[in-house]
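The values are calculated or read from the model by the stated rules, or taken from the named source; none is laboratory data. Since we're looking at a predicted model, the values are computed, not measured. Cβ atoms come from the backbone with ideal geometry, glycine included; neighbour counts cover every protein chain shown. What goes into the accessible areas is simple: the full protein's heavy atoms, side chains included, and nothing from ligands, DNA or RNA. Shrake-Rupley method; radii C 1.70, N 1.55, O 1.52, S 1.80 Å.
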Amino acid sequence: MSYKAILVGTGGQGRAWCARFLPPNIQDGLMEVVAAVDVSADALKNAQEHLGLSPEKCYTDLQRAFDENPADFSIIVTPPAYHEAVVDISLAHD
């Protein structure tokens, strides 16, 4: 069974997660990234290019991404000052 994840942060360190860290887990069938979120629409291209996400699954609105995509967990690759808000939304969506 693969677990479903929402990736929050696709620029900066998030680019490395898109390009290097997540693909082996996806290829092994351990997980599936069902949506990606970033404040920069340009940074979301990393999720499209490296994870194969469609533009419809790439969001600049954190709340909307979680509302529209059931997931088992979130991957938070944002600057530390923004972690708490992402954790709160993640917990609110179980």
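Quick look at the values:
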item: All positions within the stretch 61-94 that are closer than 12 Å to Leu7 by Cα and not in a helix (DSSP H, G or I); result: Asn69, Ala71, Asp72, Phe73, Ser74, Ile75, Ile76, Val77, Thr78
item: In the stretch 1-15, residue least open to solvent (accessible area, probe 1.4 Å) [restricted to those that are under 17 Å from Pro70 (Cα atoms) and of a type in the set (Gly, Ala, Ser)]; result: Ala5
item: Selection status of Ile26, touching a Gly at 6+ places or on another chain (Cβ under 9 Å), surrounded by fewer than 21 Cβ atoms within 10 Å (Cβ to Cβ) and not in a helix (DSSP H, G or I); result: no
item: Cβ-Cβ under 6 Å pairs, at least 6 apart or on other chains, the stretch 72-94 side aliphatic (A, V, I, L, M), far side at pLDDT 95 or above and in a loop (DSSP other than H, G, I, E, B); result: Val77/Gly9
item: Any chance Gly11 is part of a loop (DSSP other than H, G, I, E, B) and in contact with a helix residue (DSSP H, G or I) (Cβ under 9 Å, 6 or more places away or on another chain); result: yes
item: Conditions (1) touching a His at 6+ places or on another chain (Cβ under 9 Å); (2) surrounded by fewer than 18 Cβ atoms within 10 Å (Cβ to Cβ); (3) under 22 Å from Ile89 (Cα atoms); number of the one not met by Asp61; result: (1)
item: The lone exception for Glu32 - which of (1) in contact with a Lys or Arg (Cβ under 8 Å, 6 or more places away or on another chain); (2) farther than 21 Å from Ser2 by Cβ it fails; result: (2)
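Rundown of residues vs (1) open to solvent by 60 Å² or more (accessible area, probe 1.4 Å); (2) modelled with pLDDT of 95 or more; (3) of a type outside the set (A, V, I, L, M, F, W, C), yes/no style:
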{"position": "Trp17", "(1), (2), (3)": "yes, yes, no"}
{"position": "Phe21", "(1), (2), (3)": "yes, yes, no"}
{"position": "Leu30", "(1), (2), (3)": "yes, yes, no"}
{"position": "Asp38", "(1), (2), (3)": "no, yes, yes"}
{"position": "Ala47", "(1), (2), (3)": "no, yes, no"}
{"position": "Leu51", "(1), (2), (3)": "no, yes, no"}
